[in-house]
Amino acid sequence: MITFGKTKIMNPFLIKGYKNPQYFCNRIEESSNLIAAIRNNQDITLHGYRRLGKSALINHVFRKLEKEFVCIYTDIWGTSNIEDFTRELANGIIKSKVFSKQKFSAKMATFLKSIGASFSIGVDGLPSIDLIYTDRKHVFSNLEEIYNFLNQINKPIVLAIDEFQEIKKYDNQSPFEGKLRSLSQQSHNIVFIYSGSEHHLLNEIFTKYNMPFYQSTRMVSIDKIDKKAYFDFILKHFRKANIDVSHEIIEYILSISHLHTYYVQAIANFLYGLETPPKSIKEFELLYRDFIFEKSVFYSELPELITKQQFSVLKAIAKSGTVSNPNSAEFQQASKIKGPSSMHRAINSLLDKQLILKDNDVIRLYDVFLEHYLKYI
């Protein structure tokens, strides 16, 4: 928060949550495509790698549709079984506007009773529920109760389930996928958005012909925000706050962040919060270096968690920024790895661990801050 006289201006570069369209950059075409699909009752699979802005896009679309639909968002990241999934889905419902008119009325009490849930207010002040199962057979019946409840609401619903690929990691996930598909087919009042960040797992769910969800949704991918649109968005907010930042520094931020949405936002947020903005890229680098080293607590133990070869390759990629041919003589020398088979194993392992990603025709680190940290150490 920056203060001008008695006026406080919020840092416009949000790094969590969604505020309103003023703080949301571009995604005009993606928003229009999602809205058109929803209005035409088409279920959607939304894919984009982590921290590219899928959740913000969903919430942006929800803001535009809130007068037409009941919009429900649930994030199943970190869930490990069907019980967790059901709990998060029920929590998403009670945190939505399903009960906004009735508040904690008999209607909510009936819903909670039907799924055997206990209700409480969390430390964040938001309502939450817990489900206790004495028999796993009850999980499917609770899911049926939840879907039946939603289908009885006299307004169409958009239900977004974020990080949907997590269901592939559950025990007994095959019958669970079949159950979810069956429930979705019976839910004529609900449009589903299945959002996820692990493309190979989403492909297993939606594009394998012998799987329950095969070709059941419209597949939508999101990519990076257009560079010029992001440049104009950043410049607009700095000018609005009368903060003098050069075009070169904004261009530099967009370059070093690989246009990866979260990292663009985080670096712009850092720059916006400085008492005195830097006058040159060199000045910015000195300040930014300190910002990156604050994060060493997250990265210092990484060499102990992966093999020496993997760390050597990771650091070499970080030093390069992007790598188009890891088997080139130049990169093999930089990473101290000899032979294409050793390089292949290291690259595949780092991809599996989601430490690196394939970004169009190049390989780079998934975590842009880790890339910058490894460049500095």
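What follows is calculated from the coordinates using simple rules that are stated; it is not laboratory data. None of these values were measured; they are calculated from a predicted model. In this analysis, Cβ positions are derived from the backbone assuming ideal geometry, glycine residues included, and neighbour counts consider all displayed protein chains.
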For this session: Quick one: give the max-minus-min coordinate of the C-alpha atoms of segment 299-376 along each principal axis, largest first, in Å.
Result: 28, 26, 23
For this session: Counting only C-alpha contacts under 8 Å and six or more residues apart, can you give the relative contact order of segment 28-221 as a whole percent?
Result: 33
Exercise. So if we plug the beta-carbon distance of Glu275 and Ser255 into 1/(1 + (r/R0)^6) with R0 = 25 Å, what FRET efficiency do we get, rounded to 0.05?
Worked result: 0.50
For this session: Could you pull out the pairs from Lys16/Lys95; Lys97/Lys228; Lys282/Lys375; Lys338/Lys375; Lys169/Lys315 whose alpha carbons sit more than 25 Å apart here?
Result: Lys97/Lys228; Lys169/Lys315
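What is the packing order of peptides 307-313, 206-212, 23-29, taking the mean over residues of other C-beta atoms within 10 Å and listing the highest first?
In descending order of packing, they fall as 307-313, 23-29, 206-212.
Taking segment 28-221 on its own, what percent of its Cα-Cα pair distances exceed 29 Å?
Pairs farther apart than 29 Å: 18 percent.
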Exercise. So which aspartates and glutamates pass the test for Lys224, namely a Cα distance under 13 Å, with those fewer than 8 places away in the same chain ruled out?
Worked result: Glu29, Glu30, Asp359
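Order 72-79, 155-162, 288-295 from most to least packed using the mean count of other Cβ atoms within 10 Å.
155-162, 72-79, 288-295
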For this session: Would you mind putting 232-244, 84-96 in packing order, based on average other-beta-carbon counts within 10 Å, highest first?
Result: 84-96, 232-244
Problem set entry | At R0 = 56 Å, FRET efficiency that the Cβ-Cβ distance of Phe293 and Asn41 yields, to 0.05 | 0.65
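Net charge around Lys282, counting only other residues with Cβ within less than 13 Å of its Cβ (Lys, Arg = +1; Asp, Glu = -1)? Walk me through the intermediate numbers first.
Details: positive: Lys279, Arg289; negative: Glu248, Glu283, Glu285.
Computed value for this residue: -1.
What number in nm² do you get for segment 226-294 if you take the convex hull of its Cα atoms and divide its surface by four?
Averaging across all directions leaves 4.3 nm² for the Cα convex hull.
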Seminar exercise, completed: Note on the chain: the mean projected area of its alpha-carbon convex hull, in nm², is 22.0
